[in-house]
Amino acid sequence: MSNATSDNETVHRVSFLDRESVNIPILKVLQADGTVYDKAVLPAIDEALAHRIYDTCVFTRVLDERMLGAQRQGRISFYMTCTGEEASIIGSTASLDDGDVILAQYREHAAIRYRGFTTEQFMNQLFSNEKDLGKGRQMPIHYGSAELNYQTVSSPLATQIPQATGVGYSFKMQGKRNIAICYFGEGAASEGDFHAGLNMAAVLKSPTIFFCRNNGYAISTPTSEQFCGNGIASRGPGYGIHTIRVDGNDMLAVLAATQQARAYAVENHSPVLIEAMTYRLGAHSSSDDPSGYRSKDEEAKWQQHDPVKRFKLWMINKGWLTEKQDAEMYEKYRKEILAELKVAEKLPMSMLDTLIEDVYDTPTPRLKQQLKDLKKHLKKYPDSYPNSKGRL
Amino acid sequence: MAEINMLQAINDALSIALESDENSILFGEDVGHFGGVFRATSGLQEKFGRDRCFNTPLTEQGIAGFANGLASNGMVAIAEIQFADYIFPAIDQIVNETAKFRYRSGNEFNVGGVTFRTPYGGGIAGGHYHSQSPEAYFTQTAGLKVVVPRNAYQAKGLLLASIRDPNPVIFFEPKRLYRANIGEVPDEDYEIELGKAEVVREGKDITLLAWGAQVEIVEHAADMAAKKGISCEIIDLRTLAPWDVDTLATSVKKTGRLLINHEAPLTGGFAGEIAATIQEECFLYLESPIARVCGLDTPYPLIHEKEYMPDALKTFEAIKATVNF
Ligand SMILES: Cc1ncc(C[n+]2csc(CCOP(=O)(O)OP(=O)(O)O)c2C)c(N)n1
């Protein structure tokens with residue numbers, strides 16, 4: 001029925017399509033100086049929303065700076081920043097309903113923050129202490145909260161993409177006007193799961209937003225070695241998916257695109273693909289040194305597109321923010337994060353019993369036996385196992 | 001002979017492999033100019049060019065299928081899977097295709113030129129997605145060879161043998177030893193025969209069997225046992241598929257006892273297979289049940305990593321219990 005050949009234009013000479021055949025415009029609303037482009041249509045945003053967004057930006061900047069520092073001091077084992085990508089992440093999350101489910105890749109902590117993840121909760125996860133909702137089982141930055149509809153991050157890339165299709169479809173079946181959104185990098189979009197997830201979403205009409213943060217690199221691999229097509233957006237129409245490309249460093253453009261994408265997904269029970277063109281200003285992770293694969297000049301060029309600064313200038317232009325207030329916000333979060341960090345790093349690790357919990361709904365007899373044997377051993381050599389010492 | 005670490009030994013082996021056979025190609029995520037996230041392939045793109053050493057797009061399924069295609073048409077494919085935990089997206093290509101190419105085509109085609117290198121194992125605070133030891137999934141797959149080196153010297157010789165073996169090989173590299181293990185490694189080209197275990201230390205009371213990073217754990221346990229007057233024979237299996245039953249059975253017939261140590265979970269782990277086989281081969285020689293000191297039947301945890309690990313203390317306790325059975 002929808003096989004496109006029936007209404008194709010006919011030609012009588014061989015002519016191939018190539019990447020230039022797909023012309024994808026990029027949505028921009030906000031200019032570098034914080035003023036809006038002449039013809040730009042603004043997203044729905046009022047002062048309160050702008051403040052909630054900006055507050056999340058500032059928090060995330062401070063968190064990233066502080067925790068990368070903490071990693072360097074050896075206080076946590078690992079860290080990843082989202083510096084430079086705040087507009088992509090926060091602009092999109094801010095367009096959602098709190099009931100919409102977020103499936104993140106790993107660089108989207110600003111999204112869970114926007115939903116209300118507290119500073120304390122961040123620290124508990126980062127320090128894997130006994131209050132970590134994930135019970136200290138995963139590396140730092142693998143946040144998750146059922147209360148906030150933010151599914152716990154899993155390290156294997158792209159696995160969340162077809163899952164999001166399933167989550168979106170379940171909303172449709174439940175008759176809810178909610179959607180799933182999943183985030184992924186342009187690198188992860190090379191995985192088979194990307195194809196599986198988008199194709200199923202299109203065919204099954206799942207209300208899901210596929211949000212690609214195209215930040216230029218997958219660890220050391222630049223986009224030129226990742227794909228040859230016209231970015232990730234060009235693939236959307238190929239699947240029959242509504243698609244848009246936005247300036248990922250432009251908070252208002254991301255907000256506008258995602259607001260409309262969400263409305264479309266809900267009304268039409270259909271997926272939407274958003275490609276946000278941004279840049280990973282920092283290293284891939286705390287284990288990475290980008291000086292081995294990209295130039296300082298390139299980084300400096302992108303510093304000029306700082307999405308947080310651009311949005312701040314807009315707010316100042318609107319009279320919604322002053323430099324003084326801005327400085328106070330940074331100061332407030334520096335203090336708060338440091339204070340919470342100090343508390344969290346002193347809390348003990350989860351009890352040993354959690355080791356065999358959640359493997360199944362209840363521990364199997366074999367797991368119980370293994371725990372019993374382990375405890376016997378640990379009691380004999382407590383000093384060799386500092387995390388469980390004295391806490392069996 | 002130079003003292004180098006395991007990563008340098010691997011780099012050296014890869015360089016020799018590319019040098020000695022111009023049909024060989026090296027690829028994987030970030031392995032090009034960057035030299036891989038662990039730097040095992042540093043400098044190789046500069047030496048051999050972008051056509052023979054390159055970054056692939058981020059798809060393990062693609063990497064494995066591409067390797068199969070290359071090898072099916074006469075090339076030598078050396079592919080890196082960035083972490084063994086991320087080999088699972090490639091499992092269909094490896095288990096259904098790599099392993100069965102020769103068999104299903106009646107040897108019209110084969111992909112013997114494929115080698116997958118991948119860092120495995122824990123002890124690096126990596127949580128369950130940077131610590132797994134998935135060897136047992138592959139030892140159950142006929143058609144694959146599975147190799148695990150324990151030190152820099154072995155890494156070079158076994159990797160060269162794996163690359164040149166006319167069968168597909170999965171080469172698991174113990175990442176916690178990458179920089180920690182330093183030893184004398186000859187500069188020249190040499191191979192260590194696949195399918196042969198090595199008797200690392202002779203002893204008479206009990207045989208301890210391990211592979212990869214766990215060999216040094218059982219060595220440590222054997223030192224502790226020696227202080228109690230227990231003499232341990234230590235065997236490094238080196239190749240898990242096909243594995244060297246003879247060397248192990250000969251040892252167990254001599255000592256009368258066997259302890260197997262691996263990091264992967266106990267249930268369904270390769271130790272079970274070994275125990276069953278040795279029980280058949282050596283039933284009348286056994287003086288105590290075969291002991292297994294393995295990971296727990298949970299995913300690999302982050303904060304309870306030490307508790308989870310089949311470490312030297314647990315091995316020491318099991319040695320005593322087995323000897324005093
Ligand atoms: C299946 C899988 N393969 C490899 C990795 C290792 N890895 C972690 S992050 C990463 C790069 C991801 O790049 P991209 O998707 O572009 O996201 P970005 O880091 O740029 O935000 C790789 C290769 C992994 N986590 N999962």
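Residues checked against (1) under 17 Å from the mean Cα position of the chain (by Cα); (2) among the basic types (K, R):
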site: A:Y79; (1), (2): yes, no
site: A:E86; (1), (2): yes, no
site: A:I90; (1), (2): yes, no
site: A:D97; (1), (2): yes, no
site: A:A104; (1), (2): yes, no
site: A:A110; (1), (2): yes, no
site: A:F122; (1), (2): yes, no
site: A:S128; (1), (2): no, no
site: A:K135; (1), (2): no, yes
So, in region A:194-230, of the ones that are within 14 Å of chain B (Cβ to nearest Cβ) and assigned to a loop (DSSP other than H, G, I, E, B), which residue ends up most open to solvent (accessible area, probe 1.4 Å)? A:C228
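Would you confirm whether any residue within region B:38-54 is within 16 Å of the ligand (Cβ to nearest atom), over 20 Å from the mean Cα position of the chain (by Cα), farther than 22 Å from B:I182 by Cα and among the charged types (D, E, K, R)?
Filtering region B:38-54 for residues within 16 Å of the ligand (Cβ to nearest atom) gives B:38-41, B:54.
Still in the running and over 20 Å from the mean Cα position of the chain (by Cα): B:54.
Applying the additional criterion that residues be farther than 22 Å from B:I182 by Cα yields B:54.
Subset that is among the charged types (D, E, K, R): none.
No, region B:38-54 contains no residue that is within 16 Å of the ligand (Cβ to nearest atom), over 20 Å from the mean Cα position of the chain (by Cα), farther than 22 Å from B:I182 by Cα and among the charged types (D, E, K, R).
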Scanning region B:126-142 for residues that are away from chain A (no Cβ under 14 Å), in a loop (DSSP other than H, G, I, E, B) and open to solvent by 40 Å² or more (accessible area, probe 1.4 Å) gives B:Q140, B:A142
Can you name the condition, by its number, that A:F311 falls short on among (1) in contact (Cβ under 8 Å) with a residue 12 or more places away in the chain; (2) closer than 30 Å to B:I91 by Cα? (2)
Restricting to region A:281-309, give me the number of residues that are within 20 Å of A:M67 (Cα to Cα) and either within 14 Å of chain B (Cβ to nearest Cβ) or open to solvent by 50 Å² or more (accessible area, probe 1.4 Å) (or both). 8
Out of the residues in region B:88-100 meeting the condition of being touching a residue at least 60 places away in the same chain (Cβ under 8 Å) and out of contact with any strand residue (DSSP E or B) (no Cβ under 6 Å at 6 or more places or on another chain), tell me which one is nearest to the other protein chains (Cβ to nearest Cβ). B:I94
Examine region A:253-265 for a residue that is more than 14 Å from chain B (Cβ to nearest Cβ), touching a strand residue (DSSP E or B) at 6+ places or on another chain (Cβ under 9 Å) and near the ligand (Cβ under 10 Å from one of its atoms), and state whether such a residue exists. no
Quick check on B:A99: is it of a type in the set (A, V, I, L, M, F, W, C) and under 18 Å from B:E29 (Cα atoms)? no
Options A:E186, A:E191: the member that is within 16 Å of the ligand (Cβ to nearest atom), open to solvent by less than 10 Å² (accessible area, probe 1.4 Å), within 14 Å of B:P57 (Cα to Cα) and within 14 Å of another protein chain (Cβ to nearest Cβ): A:E186
Whether any residue in region A:344-355 is away from chain B (no Cβ under 14 Å) and open to solvent by 70 Å² or more (accessible area, probe 1.4 Å) is what I want to check. yes
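Within region B:105-121, how many residues turn out to be among the aromatic types (F, W, Y) and closer than 27 Å to B:P134 by Cα? Let's see the steps before the verdict.
The initial filter retains those residues of region B:105-121 that are among the aromatic types (F, W, Y), namely B:109, B:116, B:120.
Among the residues that remain, those that are also closer than 27 Å to B:P134 by Cα are: B:116, B:120.
Qualifying residue count, region B:105-121: 2.
Can you confirm whether B:G123 is in a loop (DSSP other than H, G, I, E, B), modelled with pLDDT under 95 and open to solvent by 30 Å² or more (accessible area, probe 1.4 Å)?
On the way: in a loop (DSSP other than H, G, I, E, B): yes; modelled with pLDDT under 95: yes; open to solvent by 30 Å² or more (accessible area, probe 1.4 Å): yes.
Yes, satisfied.
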Looking only at region B:1-47, filter to residues that are more than 27 Å from B:R150 (Cβ to Cβ) and open to solvent by 30 Å² or more (accessible area, probe 1.4 Å); which one of those is nearest to the other protein chains (Cβ to nearest Cβ)? B:H33
Return the total of residues in region B:70-90 being open to solvent by 10 Å² or more (accessible area, probe 1.4 Å) and in contact with a His (Cβ under 7 Å, 6 or more places away or on another chain). 1
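Could we say that B:A312 is within 14 Å of another protein chain (Cβ to nearest Cβ), touching a His at 6+ places or on another chain (Cβ under 9 Å) and closer than 17 Å to B:A210 by Cα here?
Working: within 14 Å of another protein chain (Cβ to nearest Cβ): yes; touching a His at 6+ places or on another chain (Cβ under 9 Å): yes; closer than 17 Å to B:A210 by Cα: yes.
For B:A312, the condition - within 14 Å of another protein chain (Cβ to nearest Cβ), touching a His at 6+ places or on another chain (Cβ under 9 Å) and closer than 17 Å to B:A210 by Cα - is met.
How about region B:79-111: which of its residues are of a type in the set (D, E) and within 13 Å of the ligand (Cβ to nearest atom)?
From region B:79-111, those of a type in the set (D, E) are B:80, B:85, B:92, B:97, B:108; that's our starting set.
The answer is B:E80, B:D85.
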Could you please tell me which pairs satisfy a Cβ distance under 8 Å, a separation of 6+ or placement on different chains, a first residue in region A:322-336 that is surrounded by 11 or more Cβ atoms within 10 Å (Cβ to Cβ), and a second residue that is among the basic types (K, R)? A:D326/A:K312; A:Y330/A:R61; A:R334/A:R66
If you take the residues of region A:159-170 that are away from the ligand (no atom under 16 Å from the Cβ) and open to solvent by 20 Å² or more (accessible area, probe 1.4 Å), which of them is farthest from the other protein chains (Cβ to nearest Cβ)? A:S170
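The values are calculated or read from the model by the stated rules, or taken from the named source; none is laboratory data. The structure presented is a predicted model; accordingly, all values stated were derived computationally and were not measured. Here Cβ is always computed from backbone atoms with ideal geometry, including for glycine, and neighbour counts include all displayed protein chains. What goes into the accessible areas is simple: the full protein's heavy atoms, side chains included, and nothing from ligands, DNA or RNA. Shrake-Rupley method; radii C 1.70, N 1.55, O 1.52, S 1.80 Å.
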